[in-house]
1. Keeping to the range 206-252, report how many residues are assigned to a loop (DSSP other than H, G, I, E, B), open to solvent by less than 30 Å² (accessible area, probe 1.4 Å) and modelled with pLDDT of 95 or more.
2. So which of 129, 124, 136 ends up being assigned to a helix (DSSP H, G or I), closer than 27 Å to residue 230 by Cα, among the hydroxyl-bearing types (Ser, Thr, Tyr) and touching a Pro at 6+ places or on another chain (Cβ under 8 Å)?
3. Would you mind telling me which numbered condition in (1) in contact with a strand residue (DSSP E or B) (Cβ under 6 Å, 6 or more places away or on another chain); (2) under 21 Å from residue 224 (Cβ atoms); (3) surrounded by fewer than 23 Cβ atoms within 10 Å (Cβ to Cβ) residue 157 fails?
4. If we keep just the residues of the range 185-205 that are at pLDDT below 85 and among the basic types (Lys, Arg), which is most open to solvent (accessible area, probe 1.4 Å)?
Amino acid sequence: MSTPVSSLFDLSGRTALVTGGSRGLGLQIAEALGEAGAKVLITARKAAELEEGAAHLQARGIDARWIAADASRPEEVQRVCSEAMERLGPVDILVNNAGATWGAPAEDYPLEAWDKVMNLNIRSVFLMSQAIGRASMIPRRRGRIINVASIAGLSGSTEVQFIAYGTSKGAVVNFTRTLAGEWGRHGITVNALAPGFFPSKMTRGTIDRLGVERMTAGVPLQRIGDDDDLKGAALLFASDAGKHITGQILAVDGGVSAVHGSA
């Protein structure tokens, strides 16, 4: 007998950990998972922003907690993993969203900027997935991992100077596919969202420099993302509705990758 659609998307009784969850895309995803019934733990580096983000979620009736930590540091990742399981029990859904960018021409790109972006954008994804996978998902033979990549990881750009960011997001794409292949036998799905441009603290400088009109000129839907556009895709990957989907990269970009090509 088939399962009702409403039940397929229901996350009641599950726990979600969202890195970079205090604002922007991470908070949007946390909101979606929480409204579907999951308990949500958000983590990021700044306690004040986390407190504000958790309050926002709680105001929407979501059971939300927070832990301040740097996801690029192994000892901090282990602490988050341990505290999450102590406070909320096993983690069913991991959203690797924490990220950073740095704009500069490739020929002048500072090494410290390269290391900062790569450490947060891909090293942290590996560290967090490994920690939560070993402690919570592999032993129970179930889990959902959602990595936030970017259309910057699907192709290059002549408009934006983001050599480290694009490289790191390309790494997230192949990390997702590779881990999906390895951990499928454990009942764990691993997928990635590849957003186009969404308004956020990270993209504000680019949007201000290029302007929304110029940025949407080549977008089939002629718009950039909004506060709801990642919710449905995230919920699909996190829920039983997506239990037979793994190793996939879903571009949520208004059609940009469809007309401009992707890897």
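The values are calculated or read from the model by the stated rules, or taken from the named source; none is laboratory data. Just so you know, these numbers come straight off a predicted model, no measurement behind them. Here Cβ is always computed from backbone atoms with ideal geometry, including for glycine, and neighbour counts include all displayed protein chains. Please note that ligands, DNA and RNA were not included when accessible areas were found on the heavy atoms of the full protein model with its side chains. Shrake-Rupley method; radii C 1.70, N 1.55, O 1.52, S 1.80 Å.
1. So the answer is 3.
2. After applying the criteria, what remains is 136.
3. Answer for residue 157: the failing condition is (1).
4. Per the stated criteria, the residue is 204.
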